[in-house]
Amino acid sequence: MELRSRYHEILSHRAEGLAKYGGRLTSDIYGPPWRIAFPRVTLKRPSVPHAKIGPLYVADNPPVLDIVHACAAGLGDPLGVVEIGPGKGVIATVLRAKYAAKISRYYGLEIDEAVSGAYERIASPQEIEVPIGLVVASQVIEHMPPDAFFGGILEPLLPKLTADAAVVVGTPNALAPSSMFGDFTHVQAYAWYDLYALLRLFFESVDVVRTRYVWSAGRLVWLLPRMLLTRALELDWCEEIVCIGKRPRRSG
C-alpha cells in the first residue's frame, strides 16, 4: 500500500482527529491530553537504565512506558507482543518482568545486529507464530519513510493481530521546538493529527497523548517558562506524542 493512494481518506481521518480533541484547523494543536513523566526512585536496583544516588536508584522512566503498561494490563492472556525497533530491549525487559506469566512470546523486529535484548528477534511479520495482542513502536517511525512503516510493517502485521489488539506508537512531536533536529537519522516528522489519521487507516479507534519527560532539575525549572513561551509561538511544549490504536481493521 502506498499512502498517496489513500490521500483523501487520510485527510478525512485528520479532520476527525482534530474534531475529537476540540479542534478544526491544524493550528489547533493543544487538544489531546498531556502527561508529564519523572524518573522512578526506588531502593531496589531496577532492570532499566538508572543512576545510583546514595541508597537510592533513579531509574529511567520515559512516558511511553506507563501507556504500554496500561495497554498490556487491559489485554487478555496469553499475550503475544511485537516490538518494532526494540534496540537494547528496555521496554521488553520491563514488560517481560511485570507480565512474565501473561506474555507468551515477545518478538523484536530489529534490523540492527549490533544490539540485542529480552526479545525473540525476527526479520519480518511472516515469522510470527502466535496471535499478537500488543504492538509497540517507540521512537522508531521517525527513522523511516511513512510507507516503509505503515505499508511495509504495520499492514503485514494486521492478519497476525487479535480482534482486541492495540498498537502504541511514540515519536518526537513535530510541533515542539527542535524535536526532530537533534538526530540526523530522523527522516520523517509527525504532528499528532497526522499520526492519528495514519493509524486510523488500520485501527477503528485511536487516542493521542502528548508527553514531556522531566528527567533533570533543569527540565523541571524550565517547564513552566517552556509552556508559556511555546504557546506564544504557536508551538507545543510537549516533546513527544504517543498514539494508541485499538481494534484492528483487517482490510487496512
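Exposed loop positions in the chain were taken to be chymotrypsin sites (Phe, Trp or Tyr not before Pro) whose DSSP state is not H, G, I, E or B and which have at most 15 other beta-carbon atoms within 10 angstrom. Between these positions, the longest stretch is 1-180. Extension gain, Glu204 to Ala148: 0.36 nm times the residue separation minus the Cα-Cα distance gives 18.0 nm. Extension gain for Asp77-Trp215 works out to 46.3 nm (0.36 nm per residue, less the C-alpha to C-alpha distance).
Taking every DSSP bridge with both residues inside segment 109-252, close to 65 percent are antiparallel. Under a 5 Å amide H cut-off, with hydrogens placed 1.01 Å from N, Ala166 pairs with Leu134, Val135 among residues at least 5 apart or on other chains.
The DSSP beta bridges internal to the chain are antiparallel in roughly 50% of cases.
Out of these labelled values of Kirkwood radius over Cα pairs in Å, (i) 19.6; (ii) 18.9; (iii) 17.8, which was calculated from the coordinates shown here? So the structure-derived entry is (ii).
The residues of segment 104-186 present an accessible area of 43 Å² per residue when probed at 1.4 Å with all protein chains retained.
Carbon-plus-sulfur accessible fraction, the chain (probe radius 1.4 Å, protein heavy atoms only): 58%.
To the nearest 0.05, how large is the calculated FRET efficiency for Val187 and Leu43 if R₀ is 45 Å and r is the Cβ-Cβ distance? Please list the in-between numbers first.
On the way: r = 42 Å, r/R0 = 0.93.
The computed FRET efficiency comes out at 0.60.
Pairs exceeding 28 Å between alpha-carbon atoms, taken from Lys52/Lys102; Lys20/Lys88; Lys44/Lys160; Lys20/Lys102; Lys98/Lys246: Lys52/Lys102; Lys20/Lys88; Lys44/Lys160; Lys20/Lys102. Summarising the label geometry, the points placed 7 Å from Cα in the beta-carbon direction at Thr26 and Glu127 lie 3.7 nm from one another.
Inter-label distance, Ile10 to Leu56: 4.6 nm, where each label sits 7 Å from its Cα along the C-beta direction.
From the alpha carbon centroid of segment 198-220 to that of segment 47-76 is 16 Å.
The values are calculated or read from the model by the stated rules, or taken from the named source; none is laboratory data. Since the structure is predicted, the reported quantities are computational estimates derived from the model, not experimental observations. Cβ: placed from backbone, ideal geometry, glycine included. Neighbour counts: every protein chain shown. Side chains included, ligands, DNA and RNA excluded: accessible areas come from the protein's heavy atoms. Shrake-Rupley method; radii C 1.70, N 1.55, O 1.52, S 1.80 Å.
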